[in-house]
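The block underneath contains the structure these notes are about, expressed in structure tokens.
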Amino acid sequence: MTWMPLWAQGLLILAGLLVARAALSTARTPQGAAAWVVFLVSFPLIALPAYALFGSVSRINARIDDRHRSRMSDGKLESRLGLLAPITRTTLHDGNELRLLINGRATFDAIFEAIDGAEQDVAVQYYMIADDALGHELRDHLIAAAKRGVKVRVLCDLVGSLFLGWRYSRELRAAGIELRGIPGPHRALGRIGLNFRNHRKAVIVDGRIGFTGGINAGQDYIDGGKAFKSWRDTHLRMEGPMAAQLHHLFAADWEAVTETKLPELPVPGHVGSVRGLVTGHGPTDKMERGSLLLCGLVGLAKRRLWIATPYLIPHADLITALQLAALRGVEVKILIPRDSDNILAWYATRNYALSQTGIGIQIHEYMPGFMHQKIILIDDDIASVGTINIDMRSSLLNFEETALIEDRGFAQEVEAMLIDDFANAQKLEPPGAWHVRLLSPVARLFGPLL
């Protein structure tokens, strides 16, 4: 900075120190705080704009977190999931009807059927909407609903849907559909940002039928696209009180983006016998609820813990929880894909996976194609189906959601699905190929960004 006047250098260093002070109180991890402080103090000219794009969320917006609290209540229910109520902040409800949707075509057939039957309201939220064959199918069904007089609102993440063309957006808006991109959350330097993304995926029809899971609105999620032979994923159709909880999450995100509250929809009655809830978390939470939720779910396991995740890059607390589960005799089996859509994440996943196999945690690689589902099965009665990966980003940096179900019948469906998936997998054995041993420790350093 020798080319700069001394007064400008002084101001720059002062700005770096002030922002470094903010990083100490807002960074999501101690390691992240230390890295930002060193970077900001040593290289403020580069670090300040970098912090504007990737830095931590301002805590002044933690009030957004309160909007996600469900306003519905039907009393306290005796259950194991009830132990997590301080984390989920959402009421367990009986009376739901659920359907497990395996893979993309079954998912969108069910979603389009629900949209075609909508009477008054359709809410759509995806991390990624693609301007491709599947994206066009979604567009056409939404436009048809709008022409019938249904109110249609669409949210998509601005980074995940970066390549959604202007023509696609124009066609939706021309039909009277409200389309909004979700920017990064509020920060000291505005809402510009790449690091904190809204990873939620939801469709809610009339506040009574809801869908969530791992599947985005793109053709790749149907057939694997050009990169993969197939795409293995899972979604969930819910009807009843859980769908209303999913709509509350959408309404909170809509209000955060538009500063407009959505009108209340009628509370759906009981349509089935399944007990469950829908919960969400994000970087504006006052507590690290994503991390707490995953650790809490692991802690519930007494006999079995099966996990399917495309990325296995857990933070230290979750690694400890998984190890403790294995050491106390829980069968811990984790399914990861053999192929991946992110090479750095692939190597980082192998680093974590290979380091855990010696203490009784079984890691299996799904072989037929890319596996993107986010599933947790606990013992014989609890399951999680949602958007949460077993990585630092889902735990600490993204806005996520999941459906938690406590029902033996539904758990049996998830078990049967995962048994088929494990039958198409091979057990990962150490030490791994030479390039894995060489590159995976390096990739692990980028864990918080993957």
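The values are calculated or read from the model by the stated rules, or taken from the named source; none is laboratory data. Computed from a predicted structure; not experimentally measured. As a convention, Cβ positions derive from the backbone with ideal geometry for all residues, glycine included, and neighbour counts pool all protein chains shown.
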- Could you tell me which numbered condition Asp109 fails, if it satisfies all but one of (1) of a type in the set (Asp, Glu); (2) assigned to a helix (DSSP H, G or I); (3) modelled with pLDDT of 90 or more; (4) touching a helix residue (DSSP H, G or I) at 6+ places or on another chain (Cβ under 9 Å)? (4)
- Message: Give me the residue from the stretch 131-156 that is surrounded by 15 or more Cβ atoms within 10 Å (Cβ to Cβ) and in a loop (DSSP other than H, G, I, E, B) and, out of that set, modelled with the highest pLDDT.
- Response: Val150
- Task: Restricting attention to strands (runs of 3 or more DSSP E) lying wholly within the stretch 189-292, give those where 1 or more residues are in contact (Cβ under 8 Å) with a residue 12 or more places away in the chain and touching a His at 6+ places or on another chain (Cβ under 7 Å).
- Result: 202-205, 209-213, 274-281
- Task: Would you be able to tell me the number of residues in the stretch 348-369 that are more than 23 Å from Ile222 (Cβ to Cβ) and either in contact with a Phe, Trp or Tyr (Cβ under 9 Å, 6 or more places away or on another chain) or assigned to a strand (DSSP E or B) (or both)?
- Result: 5
- Task: Give the stretch 402-425 a look and list any residue that's closer than 14 Å to Ala383 by Cα and of a type in the set (D, E, K, R), or say none.
- Result: Glu406, Asp407, Arg408, Glu413, Glu415
- Message: If Leu439 satisfies all but one of (1) surrounded by fewer than 18 Cβ atoms within 10 Å (Cβ to Cβ); (2) touching a helix residue (DSSP H, G or I) at 6+ places or on another chain (Cβ under 6 Å); (3) part of a helix (DSSP H, G or I), what's the number of the condition it fails?
- Response: (1)
- Query: Which condition does Ile390 not pass, out of (1) buried (at least 18 other Cβ atoms within 10 Å of the Cβ); (2) modelled with pLDDT under 95, if it passes all the others?
  - Reply: (2)
- Report yes if some residue within the stretch 157-173 is closer than 26 Å to Gly224 by Cβ, touching a residue at least 60 places away in the same chain (Cβ under 8 Å) and either buried (at least 18 other Cβ atoms within 10 Å of the Cβ) or in the same structural domain as Lys374 (by TED's automatic domain parsing) (or both); otherwise report no. no
- Note on the structure: Out of (1) more than 30 Å from Lys286 (Cβ to Cβ); (2) without any contact (Cβ under 8 Å) to a residue 60 or more places away in the chain; (3) buried (at least 24 other Cβ atoms within 10 Å of the Cβ), the one Met371 does not meet is (2)
- Note on the structure: The correct count of residues that are touching a strand residue (DSSP E or B) at 6+ places or on another chain (Cβ under 8 Å) and among the hydrophobic types (A, V, I, L, M, F, W, C) in the stretch 287-324 is 14
- May I ask you to list the residues in the stretch 76-105 that are assigned to a helix (DSSP H, G or I) and without any contact (Cβ under 8 Å) to a residue 12 or more places away in the chain? Gly82, Ala85, Pro86
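Can you tell me which residue among Arg139, Arg80, Arg153 is within 22 Å of the chain's Cα centre (by Cα) and charged (D, E, K, R)?
On the way: Arg139 fails: within 22 Å of the chain's Cα centre (by Cα); Arg80 fails: within 22 Å of the chain's Cα centre (by Cα).
Just a single option satisfies the conditions, and that option is Arg153.
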